[in-house]
Amino acid sequence: MTTATARVSRHGSSTAKPSKNVRARERAVAWARRAPLLPALIFLIIVTQLPFVVTLIISFLNWNSLSPDKTGFAGFENYIQVLTDPYMLQAIITTIVETVSVVLISLLLGLGLALLLDKKFIGRGLARTLLIAPFLIVPVAAALIWKHAILNPVYGLINGTLTWVWSLFGSDTPPQPDLLSSAPLMAIIISLVWQWTPFMMLILLAGLQSRPMDTVEAAQMDGATPWAIFRHLTLPHLRQYLELGGLLGAIYIVQNFDATFVITSGGLGTANLPYAIYETFYYANEYGLASAAGVVVVIGTIIVATFALRTVFSLFKKEAAR
Amino acid sequence: MSTLTPAEPRSSVPAPHARTNGSRRRGKSRMDPTRNNTAAGVAAWLLALLFAVPVLWMILTSFHSEVDAATNPPSVAAGLTLDAYKEFFGATSGVSPWPSLINSATASVFSTVLVLLLAIPAAYALSIRPVKKWTDVMFFFLSTKMMPVVAAVLPLYLFAKTAGALDNIWFLGLMYTSMNLPIAVWMMRSFLDEVPVEMLEASQIDGAGLLLTLRKVVAPVAMPGIAATALICFIFSWNELLLARVLTGVVAGTAPVFLTGFVSGQGLFLAKVCAAAVVISLPVLFAGFAAQDKLVQGLSLGAVK
């Protein structure tokens, strides 16, 4: 709406006779419009774009700060190492497995919860509040709680509950799984799914509540089953919300560092790329290699982000056209 | 309900009716949940409780003694005590968490204020008086957010090291500003867009100056959105670990950094960890629930209303 009026006024001024005076005034107006934008734009370019250019340069260097005399041009050596080194390859695979499974599982759970919360029942507001809580625990704290209070094989809540349930049936040999050492990546994934499901649920719930109800009602009049309504009306409407949630979630979860750092410290094949890069430059001081891995992450993110941008753009266009 | 739509099987989606069946039946169907709604309600409550268990368990354990906290099976009904909180605040170790909490607050508040100062004018130039090609600018902002922090952290670290800005809380605050600015611009634009054009035009016709328009027309509509944006930026800064770990040390370490160095792995520490997690999460929980109404719009960058 705002854009429409702006365009009108812009057109109005451009149809005036293009004398020198007018053009100068137009330029002044354009700069007056741009001025409020510039501080933010310049700040961001300096703090985010410049460092990335530096990363790009370092990625082509042989640079380990522990042996500065060997610094020099490396060509694509670092990139080759990223794509052949078993540790780095494992990190790439871990990143993909972790991101895809967390996004898919939390989207599915979020969809189920959103469908339930879309109905009216007693205490719905409170249930919604309880469901948001996991998203509002500091990620480091959440990871610590999962590691020590929930999943710990000796006194964690899960094994404690198993002991209690088994004792109800008179058994003193309850199963005591140790997820932290038998399936550490799964432990990380569980804690991340727990934190991200509320995010997906919120977005999908908003999508459900923006559903045009007249078509649903018409379908009900015509005797459509709930499943048919879900399959042919609700799901198509939710599609772009599912995409939006999935892609925004993916952008954040690809960058997961906290859960890996706290729960496993990257051990047992759980190091994802952010953690591997952190280790490579912070502990191994391999600046060139870490930068090349960083560039690889950016390329991967750009691929995902292209899809994300398209989705955000379609929602955005729809809204701007309103 | 079934009188209005006879073809509808009893078990099908009743909620829509409650919303759209017309005012005549609206109140009644809302007060009269069908069997299906009850089932959905029970399922939703069970799942909500399941999701809340780690949070509730964390809170309960933080009030237990270390001995009661580490039992198998769990001692749910054990006596409550504040010992874990006293321990967290350094009763025996003498290590106070206050410096790290103050550092976190400093970096988060400083960066949030700076983000607002930069994002509000930018959003104004993207929404109320938009520049040409404003969508391109929007997507440039968003694309900077898509670059993972790890891809820029080494140059930032090297810069901070040479410039003597390592272990400096204000430098960390600047980094948080750049981290949150793109999201803030997107959120803020979506909130400023809700200012009705008619009102802007009317105030222009009445000859109101820019400042008066901002104060009387824009601010009242945009204020809840600005507050929500601020709260979300505060949460993201408060939560951040990677940059804080790389860029700070003993002096400027933030609360998440303190928390990671807190677990000794020796002796009984579970209640203390839970108390620490509760204390450090409290500001985020407050901020999040305060922003609850605008949380979705903010987190989806304004794409979802």
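The values are calculated or read from the model by the stated rules, or taken from the named source; none is laboratory data. Note that the structure is a prediction, hence the values are computed from the model and not measured. Cβ coordinates were reconstructed from backbone atoms using ideal geometry, including for glycine residues, and neighbour counts include every protein chain displayed.
Among the helices (runs of 4 or more DSSP H) confined to segment A:220-322, the ones with at least 2 residues that are buried (at least 21 other Cβ atoms within 10 Å of the Cβ) and at pLDDT 85 or above are located at A:235-254, A:258-263, A:273-282, A:287-320.
For segment B:268-284, the criterion of a residue being in a helix (DSSP H, G or I) and hydroxyl-bearing (Ser, Thr, Tyr) is satisfied by at least one position. Of the candidates A:Pro226, A:Pro212, the single residue that is in contact with a Ser or Thr (Cβ under 6 Å, 6 or more places away or on another chain) and more than 30 Å from A:Val54 (Cα to Cα) is A:Pro226. For the subset of segment B:84-106 comprising residues that are over 21 Å from B:Leu172 (Cα atoms) and polar (S, T, N, Q), which member is modelled with the highest pLDDT? So, considering only residues that are over 21 Å from B:Leu172 (Cα atoms) and polar (S, T, N, Q), the one modelled with the highest pLDDT is B:Ser96. Quick one: would you say A:Leu108 is surrounded by fewer than 22 Cβ atoms within 10 Å (Cβ to Cβ), out of contact with any Ser or Thr (no Cβ under 6 Å at 6 or more places or on another chain) and at negative phi? For A:Leu108, the condition - surrounded by fewer than 22 Cβ atoms within 10 Å (Cβ to Cβ), out of contact with any Ser or Thr (no Cβ under 6 Å at 6 or more places or on another chain) and at negative phi - is met.
Filtering segment A:195-228 to residues that are β-branched (Val, Ile, Thr), under 24 Å from A:Ser314 (Cα atoms) and more than 23 Å from the chain's Cα centre (by Cα) leaves A:Thr215, A:Val216. Which of (1) closer than 20 Å to A:Ile189 by Cβ; (2) without any contact (Cβ under 8 Å) to a residue 12 or more places away in the chain; (3) hydrophobic (A, V, I, L, M, F, W, C) does A:Trp164 not meet, given it meets every other one? So the condition that A:Trp164 fails would be (1). The single condition from (1) more than 8 Å from chain B (Cβ to nearest Cβ); (2) in contact (Cβ under 8 Å) with a residue 60 or more places away in the chain that A:Gly125 fails is (2).
Taking residues in segment B:140-165 that are within 23 Å of A:Asn285 (Cβ to Cβ) and assigned to a helix (DSSP H, G or I), and partners anywhere that are of a type in the set (Lys, Arg) and at pLDDT below 85, not one pair has Cβ atoms closer than 6 Å while being at least 6 places apart or on different chains. The residues listed here are B:Val149, B:Val217; of these, the one that is within 30 Å of A:Ile299 (Cα to Cα), crowded, with 19+ Cβ neighbours inside 10 Å, aliphatic (A, V, I, L, M) and modelled with pLDDT under 85 is B:Val149. Among the residues making up segment A:56-86, those that are surrounded by 14 or more Cβ atoms within 10 Å (Cβ to Cβ) and either of a type in the set (Asp, Glu) or in a helix (DSSP H, G or I) (or both) are A:Leu56, A:Ile58, A:Glu77, A:Asn78, A:Tyr79, A:Gln81, A:Val82, A:Leu83, A:Asp85.
In segment B:58-73, the qualifying residues are those that are touching a residue at least 12 places away in the same chain (Cβ under 8 Å) and at the interface with another protein chain (Cβ under 7 Å from one of its Cβ atoms), and the one that is surrounded by the fewest Cβ atoms within 10 Å (Cβ to Cβ) is B:Ala70.
Filtering segment B:75-104 to residues that are in contact (Cβ under 8 Å) with a residue 40 or more places away in the chain and within 14 Å of chain A (Cβ to nearest Cβ) leaves B:Ala84, B:Phe88, B:Pro97, B:Ser100, B:Leu101, B:Ser104.
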